[in-house]
Amino acid sequence: MKIEGETRRLEAHMADLAGSSFRNVNLSGSRFDDVNLSGGEYRNINMSGCVLEDTNMSGLRVHDANLAGLRIEKANLSGASITSANLEGMTIDGLSVSDLVEYWRAGHAVRSA
């Protein structure tokens, strides 16, 4: 089915829409519950103000993204990697990440016994 140049409100329940393509589509205010988005590709996406809850993002890759104001709570970050990022104002459990990195690079790394 092809929908182009129209305004519609869709409700899909227990549906298989795998392989669908959305380009220049307004889905603001949409709700997704029990939806499998694995293996998808998302480019030039505005997710400001979105809430992700009880979400499996293992293996997720984020590149060239504005995450200012991002709040992460009760998350499993084991194996997570952050590189070439602006960390100004970022905190972990209230500690400044910039200060922690600066301290580490000044030769105060934790040494194994």
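We did not get these values from a lab; they are worked out from the coordinates using the rules stated. On a predicted model such as this, the values are computed, not experimentally measured, just so you know. Quick reminder, even Gly has a Cβ in these numbers, built from the backbone with ideal geometry, and neighbours come from all protein chains shown.
In sequence order, region 97-108 has phi-based couplings of 5, 4, 5, 4, 5, 4, 4, 4, 5, 7, x, 9 Hz under the Karplus curve 6.51 cos²θ - 1.76 cosθ + 1.60, θ = phi - 60°, and Gly or Pro positions carry x.
Per-residue 3J(HN,Hα) values for region 19-36, derived from phi via the Karplus relation 6.51 cos²θ - 1.76 cosθ + 1.60 with θ = phi - 60°, read x, 5, 10, 10, 9, 6, 10, 9, 10, 4, x, 6, 10, 10, 10, 6, 10, 9 Hz in sequence order (x marks Gly and Pro).
In the chain, helical runs assigned H by DSSP with n ≥ 4 each contribute -39500 (n - 2.57); averaged across all residues and rounded to the nearest 500, the mean residue ellipticity at 222 nm is -2000 deg cm²/dmol. For region 66-106, trypsin sites (Lys or Arg not before Pro) meeting the loop criterion (DSSP other than H, G, I, E, B) and having at most 10 other Cβ atoms within 10 Å: ARG71, LYS74.
The magnitude of the dipole of the chain, with charges of +1 and -1 set on the Cβ of Lys/Arg and Asp/Glu and taken from the Cα centre, is near 220 debye. Computed on the chain, the Cα convex hull volume stands at 160 Å³ per residue.
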